[in-house]
Structures are given as structure tokens and as C-alpha cells.
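Each remark here refers to the structure printed beneath this line.
Rule-based calculations on the coordinates, nothing more; no lab input. On a predicted model such as this, the values are computed, not experimentally measured, just so you know. FYI the Cβ positions are ideal-geometry reconstructions off the backbone, even for glycines, and counts take in every protein chain you see.
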């Protein structure tokens, strides 16, 4: 489990104390004034202002802990994406082995992924169609869905600084053996994330959001 | 955003509560039937639709039930209609929501219920069209393809829904499961339903009214006769094993011994002296059968044998007879033959002792002057008649239990695109 570290820092915008759950975080958002802060050496620099944390109906929330196979994780950040027909979140996880991973909650179907080296050049996501094949050095994937989305806002700590809000392509891939991957077109060349579908119960979450009546 | 959000319908003003706010994409107003954009803060009207014939779902929206041990709220339902040979067939689909576990679906047709999960994360092996689909360790056979139309909608849906939407649906069955493919060969969304009895449904949703006998046989309804038939089939296998064991024992332990062989001549025209007395010979062991074989060289002729088995000690005789009669020739249809040069007679329960066999052949007045014949006497010959009867008797319960299985399968497939499909055996066993 990630040990919460608290380097003493104050928000350059409002002066509120900023504490990091994770020592290597690059970006965070001030809980009080919603300033988006990027760490430069020991200082925090305000790079933007968020109107409000993007609303979510997700049962996942910052600080939630859970299991991923034989590892455990803590949710430290959130990136919310919006597409034509809704929103989903990519939650940034600090994993007990020291790595980072992403938990997506689209349609309340959960997937935990990490960035993979494809071993060969990946196609431009905007040229793909459902049913196409994407070959990596380990898998022969089929395109199952294509979504154009942009990020709406962030919360908590992230391993990079967000800036660009342009629309980008997200392509879901499935291999015959059931391996799941996403092609993320927010960068060029695209990034490949691969991992596992998990159920809520498999994650055995602690500190999840509570809903009245459930 | 709170998960449950209250709005009012921009079309009719009725209050609308979103149970799955944030995940629902469209919501159909319960009062006026308008389809609204659940992602829009003002619930923009997507489709004005007056409720001409309001349908009352059998599970009212807002009902909480238990599906596979988890609580779900029923938040939406749609009526889906297909047209087959000019006749409308409609079923109801329900959207169930749990804020942690997401969405599960239900369908109901004539009292047949399915609990349905989307298979976005499962790979199906499918060559397209009506070819079988492989998922996990099951093979699903094509049942029906149809254009399905959303004919009525109420409540929330996690996808973009319009009344009148058309979708291609292909159903593949492997009871108790039903795989459904929506869309085209190129872009398909798979879901898998599990047949759920009305009694289970009534218990899951605490709605006793759901426990109503369904009509007809449904595509993935487990065959209720299969369990008994399989039990009888398994028992039959054991009984047949016993049958084979008894057969082997009979073949091994019956002593079958030849006690006499004799070649004789029948001389035509000799009135006396054709009869011979053979033996004596010894019959041993428990009272058992004696079989007398006769083989003569008759050719377009017959020989009748008057026979007597005589107990040498008491002089008691058991009279019996045999006949060999063999004819052949050629006519317009080709070669023909009739009868046999052989005959045998079995005498049962002959006690041990010394015996004589009297053989008196009789024949036609004219014919070959001499006809050779052979007499063989066997003791303790195994009899297999019982085994053939037993085998037939054992098949009766198998037939009686499999007959309703086949009848049920026929009624199932009559509703499919493949009427008259021959049942493939064995039908897949329902999961425990």
C-alpha cells in the first residue's frame, strides 16, 4: 500500500495546505480553490483553474483502496472524460509494488490497465474501424469500439500535467484469449494500455463512496 | 452530482427521478412517453411520443430485487417487437441498476424469463450468419434471426434509445443459456441470458404474481424431461453391463458338450430298416437341455424324421420330430431357394442318465435312391432367447423417458427458424 507522504506545501493561489498522497505526483488540484497545481522541483505552480471537480456517479473515490490480483492499490487521482453519450473516469492508482495503473469505470464496468510497449508501430487510431485488427508483438487484437472523447477535468494527483483538452480517439481492443487493451490517441504515437476487466467484488474496495439506500 | 436526481419532464411537466443519474443516457417519461436526454441538465426532449397504449410492466419501475445475491433496482423497461409471417410478437426487456455493480437486464416473453448480462468483455468464436457460436465451453446453435423494433419505452436506459429503433437480433441457444447478437456481422454486441423460472423470479423480486406458468417452450428453456431420461439412460448402461456379464457367464459356464455324432443313409423304398437306434450315450450333470441337430443332403426333396429319446434304464421315451426340406430352381426372377438342409430340436430338462436316440427317416416315394444325413446330439446348450427378450424389455423405459424429451425439443425448435431440425444428442446438460 502506498504510504501517504505529506511534504509541506501551500497552494500558491489560496494558501491552503496541499498534501500529496504519493511522493512522485506531478499534478494535483487544490481541494479548496480548485487551482490545478503542477510541481516544479519543490514549488507548486498554478497552471489553471477548474470550475468544479467534474461530477461523477462513480462509486470509486479518492483514497479508496482495493485489490488487483495479489497486489493492492490506493486511488490517488482522477481524470474525467466526456464523449457524445456520457462520461467516464480514469482513476489513477498507486499500486503496492510501486507502479501506477488506471482504473476505468465506463458504464460501471471496471478495467485496470497499465501502459504497455506494443513492440511495433501502432496504427493511427483515427484510421481504425470496428472489426479491424491491431497487432502487437504479443497479441492480435480486434477493435471492439471507438470513442472520441476529451477530458473534462481532474481531481487529486496525477503522474503527468494535463493541459490539452482537444478531442482524441480511444479504441477498445479485445484479443481472442480475452486480453483487453485501449489505444489512447491523446499522444502521437498513440499509447497502448492493457490489463484486466475486474468486478467490483474482485477489487474488495475499502473506502468506496456510499450511496443512500444501498 | 447526487446519484438520484429529480427533474420535471419538459414535455408534460410530470416529475422524473433519475435513479442512475450520471450513467443513464436516455429516459422515457412515465406520464407522456417522451424520450428525454438524461445527460442534459434540462432533460432535452429527443422524441415526443404520446403513450397511446400504456403498457403496465409486470415488474413496476422502482422495484428492488436480488439478482445473483446482489440488490438491483428496476429503472427502465422497453417492449421489443418482431414480425414473423405478418404476426407481431412482443417481449419486455427491463434495465436493472446497482450503483456499484452496474447494469443487468431481464427479458420476459409469455412468462419465460431471462437474466441477461452484456458480454462486452468476452470473446465469442463465430463464423458469422447462422453458424454456431462458441463461448467458454459451450456451443450455441442458431435459433432465430429477426428485426426487432422498440415499440414502447419507460424509464432509464444506459444507451441512446428511441421508440421505433430497429436492430438485427440473432439468438443462439444452449439451454439454459441464450446468446444474442445485436447489430451486423461486422459490429456486434453480444449478451447472454440465463433462463430463470417464474418461481425464482417471484422470489427474487418478491412479486408472487410473477410465478405464473409460462406458455409454450422457450428457446433456452431447460428440457424438464432430460434429467429423468439421463438417469434412466445411466441406469440402462449399468443394466446393459449386467446383461453382457450374464451373457458372458452363460457362454462360459454352460457345459455344451457333443455327446453323439453319427452319419446315416436313408434308402428310398425300404419300408422297414430305415430306422436306426443310436447310442447309448451318457448325459451328465444337472437336468439340462439336449439339442438334436439334423443335416441331410436333400436336394429338391424332403426328409421327415420321427425321433425318440429313450431312457435306457426305464425305457421311457420322449417323442419329437424334425424335417429337412430344400428346394431350389430358376424362374423369370432369377435363382430361388426354399427351406434348409438343416433342422434342430431342443428338449428341455433332461435328467442325467444313459440314453438311446431312435431316428426314423421318412421320404417321398420317388427320388434319389440314397440320401446321407448326419445326427448330432449336444448336451447343455446355452439358450439366448432370454437375452434378446431382456434386451428388448430394457429398451422400453429408455424409449418411454426419451420420448417426452424429443417431444419437448420439437416444440422448442418449432418456434425457431429451423422447424424440423433433428435433435442433436445429447442435448447439453443444464448447469447445476
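Some notes on this structure:
- Using alpha carbons only, the radius of gyration of the protein assembly as shown set against its Kirkwood radius gives Rg/Rh = 1.30.
- A straight chain from residue B:42 to residue B:312 at 0.36 nm per residue would run longer than the Cα-Cα distance by 85.5 nm.
- All-pairs Cα distance distribution in chain A, expressed in whole percent, bin size 10 Å: 8, 32, 36, 20, 4, 0
- Inter-part distance where region A:80-96 and region A:116-132 are each reduced to a Cα centre, Å: 21 Å
- Taking A:151, A:81 and counting other C-beta atoms within 10 Å, the order from fewest to most: A:151, A:81
- Between residue B:243 and residue B:206, the modelled labels are 5.5 nm apart [label points 7 Å from Cα along Cα→Cβ].
- Taking other Cβ atoms within 10 Å as a rough exposure proxy, B:70, B:120, A:120 sort from fewest to most as A:120, B:70, B:120.
- In this simple spin-label approximation, residue B:130 and residue B:90 carry label points 7 Å from Cα along the Cα→Cβ vector, and these lie 2.9 nm apart.
- Nitroxide proxy distance, nm - points 7 Å out along Cα→Cβ at residue A:71 and residue A:161: 2.7 nm
- Rounded to the nearest 500, the helix-only mean residue ellipticity at 222 nm of chain B stands at -5500 deg cm²/dmol, with each DSSP H run of n ≥ 4 adding -39,500 (n - 2.57).
- Only helices enter this figure: runs of n ≥ 4 DSSP H residues, each worth -39500 (n - 2.57), summed and divided by the residues of chain A, yield -500 deg cm²/dmol at 222 nm to the nearest 500.
- 15 Å cut-off, amide nitrogen to a point 7 angstrom out along residue B:235 Cα→Cβ, residues in region B:397-417: B:397-403
- Length gained on full extension, residue A:97 to residue A:201, computed as 0.36 nm times the residue gap minus the Cα-Cα distance: 35.3 nm.
- In degrees, nearest ten, helix B:385-414 long axis to first principal axis of chain B (Cα): 20 degrees
- Ranking of A:34, B:206 by count of other Cβ atoms within 10 Å, fewest first: B:206, A:34
- Rounded tilt (10° steps) of B:226-253 against the dominant C-alpha axis of chain B: 20 degrees
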